[in-house]
Amino acid sequence: MRFIRLPGAALLLAPGVAHAQAAPNDSADQPIVVTAQRLDVARDSIQPAIGASTTTIARAQLEAQPGGLDRDMNKVLQQAPGVDQDADNDGGVHVRNEHLNVQYRLDGIVLPESFAGFGPPVDTRIASSIQVITGTLPAQYGLRTAGVVALTTLTSRFDLDGDVGVYGGSHGTIQPSASIRDAFGKLNVFASGSYYHSDIGIEAPTPDRKVLHDKTNQWRGFGYASYVLSDSSRLTAFGGSEVGKFQIPNTPGQQPQFTLNGRTDFNSALLDQNERNQTHFGVLSYQYSGDGLDLQIAPFVRSARAHYTPDLAGGLLLFNGADSDLLQKSLAWGGQADASLKLGSAHTVRFGLYFSHEHVRSDSISRVFPVDANGDQASDVPLVVPVHEQVTGKTWSAYLQDEWKLGDTLTFNYGVRYDHFSAGHVSEGQLSPRAGLVWKPTPGTTVHLGYARYFSPPPLELIGANDVAAFVGTTGESPSLVADPVRAQREHSFDVGVQQVVGPLTLGADVYYKIARNLLDEGQFGGTQIQTPFNYAKAHTWGVELTANYEHGPLEAYLNVARGQQKATR
């Protein structure tokens, strides 16, 4: 049993599962291993990030960081320049100033996103590497464009291996976890699971060390299986589940603003609001590689559910004049196909399709007070307002691009992408050109510059016209009775950067500028932690990122300095 002391008050107990390792020279296993490794390389070549800004965090770096593989994915992502924690929501990060406009990919496949604010869909421990891609993205990347988090699975060992660990610390934090990998002939499998408890589950509303009513319990599981069909193809299936229970934290000392059935007092420290979230997803992938053609086809399905319950004693009515029991469900399915075709030594053409169909239903039972013409509470007996809404959204995309090698040191990647989104009364699309140039004047110098047009549809957690109209004349009435639909964000993005390797030191600089229309943002309205999208009419964003990485012998160090600003109006 290995005992590894991690920085902070954390102890990882990592007894390796009995290592019945396959012999490296075993004639029966070696062809399977070589075929799988070749297919891994072919899969990665389908979607290269030519002309974009990339930060790669290898498995060794993930294991060596404070907290090791138990470190939260959001904290890992903040090692990349221009990424920072969202101050209002523990479930998300900002990438180059944008809010939650991040796409997660696993082995090149887009992971179905859940409700905004739920956080990353997978654990850090499943990855052999994590790549953060920003800047002017090639045409194969779309829909969520502030940044792409591309993970590769830890499945290439082809021997019996695993670990069991316990991580813990202050605020009652404890996180046991386990994973296992093995191979059975042509079948390679991997599974992991974790449980997480903390007394601070959601960002604290007060600066006190002890936060009132903020416990969380979270479970995550992930499974992966890959079967080599032939020398040129394989079938892969993976899926994951996440269940989280959250207490909504309290702020003591608040004074009631309303009267409920003659009652005018309530201790705000005793409010009891809770939320339970669930997400389950599954993906099936077929990959082919041969005769200059690399192809991957992947259908998917995802189910999500969130249930927010207010304080049953009516405390929120006394403080806010409204409360709501909200249940939101979503079922999404679709598919993705990507291909790469070599045309001679100078051109590699890449093309693909994406489609998703999502149905979201929201059922809420709200309690509010009637108000008079002056907006004052007219009765201390609450009204019950049920609201039932549902919306179906469809998204489909297609892209075509060419990687053109103009010489030994110059590569030009150009293409076009079309995205279309429809939901309710909204139907819109956009043709988006992309272009990126990469120049390597010396072996240690890389210069890139690019332009990209982006189209990012909103999540389907929308506030509909029925929702707004149902609360007119009550304490739950919206400040605005105009229920304009949330529109897709449209953006022009420009990026230029340089990277220089000097011995063990790698230096980099990147400058970007973005112009957006219908800028998407998301906020928390009411008690529920489900984020709700809205638009700003216009926005301008700029930023500068400086990076330094040092690797020599056992020493690894990095430094990122970023300055960025986003201004949005209307």
(request) Note down the magnitude of the dipole of the stretch 224-343 about its Cα centre, charges +1 on Lys and Arg C-beta and -1 on Asp and Glu C-beta and zero elsewhere, to the nearest 20 debye. (result) 140
(message) Can you give me the long-range amide H partners of Gly147? Hydrogens built in the peptide plane at 1.01 Å from N, cutoff under 5 Å, separation of 5 or more residues or another chain.
(response) Gln103
(message) So for each of 186-192, 500-506, 254-260 I average, over its residues, the number of other beta carbons within 10 Å; can you give me the resulting order with the highest mean first?
(response) 186-192, 254-260, 500-506
(message) Residue by residue through the stretch 409-422, what is 3J(HN,Hα) from phi via Karplus (6.51 cos²θ - 1.76 cosθ + 1.60, θ = phi - 60°)? Round to whole Hz and write x for glycine and proline.
(response) 10, 10, 10, 10, 10, 9, x, 9, 9, 10, 10, 9, 10, 9
(request) Express in % the proportion of alpha carbon pairs of the stretch 337-453 at distances exceeding 22 Å. (result) 62
(message) Output needed: percent of Cα pairs per 20 Å distance bin for the chain, bins running from 0 to the one holding the longest distance.
(response) 19, 52, 26, 4, 0
(request) Whenever you get a sec, compute what percent of the accessible area on the chain sits on carbon and sulfur atoms (1.4 Å probe). (result) 59
(request) Enumerate the amide H contacts of Phe300 below 5 Å, restricted to partners 5 or more residues apart or on another chain; note that Pro and chain-start residues carry no placed amide H. (result) Gly334, Gly335
(request) Return the inverse of the average 1/r over all pairs of distinct C-alpha atoms in the stretch 281-369, which is the Kirkwood hydrodynamic radius, in Å to one decimal. (result) 17.1
(message) Charges at C-beta only: +1 for Lys and Arg, -1 for Asp and Glu. How large is the resulting dipole of the chain about its Cα centre, in Debye rounded to 20?
(response) 1000
(message) Between Leu229 and Asp325, what is the label-point separation in nm under the 7 Å Cα-to-beta-carbon projection?
(response) 4.9
(message) If I stretch the segment between Glu203 and Gln254 completely, what's the gain in nm (0.36 nm per residue apart, minus their alpha carbon distance), one decimal?
(response) 16.5 nm
(request) Answer with one residue from Val381, Ile46, Ser422: the one whose Cα lies farthest towards the positive end of the charge dipole of the chain, charges on Cβ with Lys, Arg +1 and Asp, Glu -1. (result) Ile46
(message) Quick check for me: using +1 on Lys/Arg Cβ and -1 on Asp/Glu Cβ, what's the dipole size of the stretch 306-408 about its Cα centre, in debye to the nearest 20?
(response) 640
(request) Count charges around Arg105 for me, please; just the other residues with Cβ under 13 Å from its Cβ, Lys/Arg as +1, Asp/Glu as -1. (result) -2
(request) Determine the per residue accessible area of the chain with all protein chains present and a 1.4 angstrom probe, expressed in square angstrom. (result) 45
(message) Could you check the spin-label model distance between Val384 and Tyr195? Points 7 Å from the Cα along Cα→Cβ, value in nm.
(response) 3.7
(request) Using Cα pairs closer than 8 Å and at least 6 residues apart in sequence, work out the relative contact order for the chain, in percent. (result) 11
(message) Using only DSSP helix segments of four residues or longer, with each worth -39500 (n - 2.57), what per-residue ellipticity at 222 nm results for the chain after dividing by its residue count and rounding to 500?
(response) -2000 deg cm²/dmol
(request) Compare the Cα positions of Gln79, Ser128, His213 along the charge dipole of the stretch 62-213 (+1 at Cβ of Lys, Arg; -1 at Cβ of Asp, Glu; about the Cα centre) and return the one farthest towards the positive end. (result) Ser128
(request) Taking 7 Å along the Cα-to-C-beta vector as the label spot, tell me the Arg276-Tyr418 distance in nanometres, rounded to one decimal. (result) 4.5
(message) Please list, in order along the stretch 178-195, the HN-Hα scalar couplings obtained from phi with the Karplus expression 6.51 cos²θ - 1.76 cosθ + 1.60 (θ = phi - 60°), rounded to whole Hz, x for Gly and Pro.
(response) 7, 8, 8, 10, 6, 9, 10, x, 7, 9, 10, 10, 8, 9, 8, x, 8, 10
(request) Could you pull out every residue, at least 5 positions away or on a different chain, whose amide H is within less than 5 Å of the one on Thr153? Hs are placed 1.01 Å off N in the peptide plane, and Pro or chain starts have none. (result) Asp107, Ser128
(request) Order these peptides, 72-78, 339-345, by their mean beta-carbon neighbour count within 10 angstrom, highest first. (result) 72-78, 339-345
(message) Along the charge dipole of the chain, pointing to its positive end and built from +1/-1 on Cβ of Lys, Arg, Asp and Glu, which listed residue (Phe258, Ala225, Leu293) has its Cα farthest out?
(response) Leu293
(request) Using θ = phi - 60° and the Karplus relation 6.51 cos²θ - 1.76 cosθ + 1.60, list the HN-Hα couplings for the stretch 244-257 in order, rounded to whole Hz, with x at every Gly or Pro. (result) x, 10, 10, 8, 8, x, 10, 10, x, x, 7, 9, x, 10
(message) If you fit an axis through the alpha-carbon atoms of helix 30-46 and take the longest principal axis of the Cα set of the chain, what angle between them do you get, 0 to 90°, nearest 10?
(response) 60
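The values are calculated or read from the model by the stated rules, or taken from the named source; none is laboratory data. The shown structure was predicted, so the numbers you read here are calculated from the model rather than taken from an experiment. Backbone-built Cβ (ideal geometry, glycine too); neighbour counts: all protein chains shown. For accessibility, only protein heavy atoms count, side chains too; no ligands or nucleic acids. Shrake-Rupley method; radii C 1.70, N 1.55, O 1.52, S 1.80 Å.
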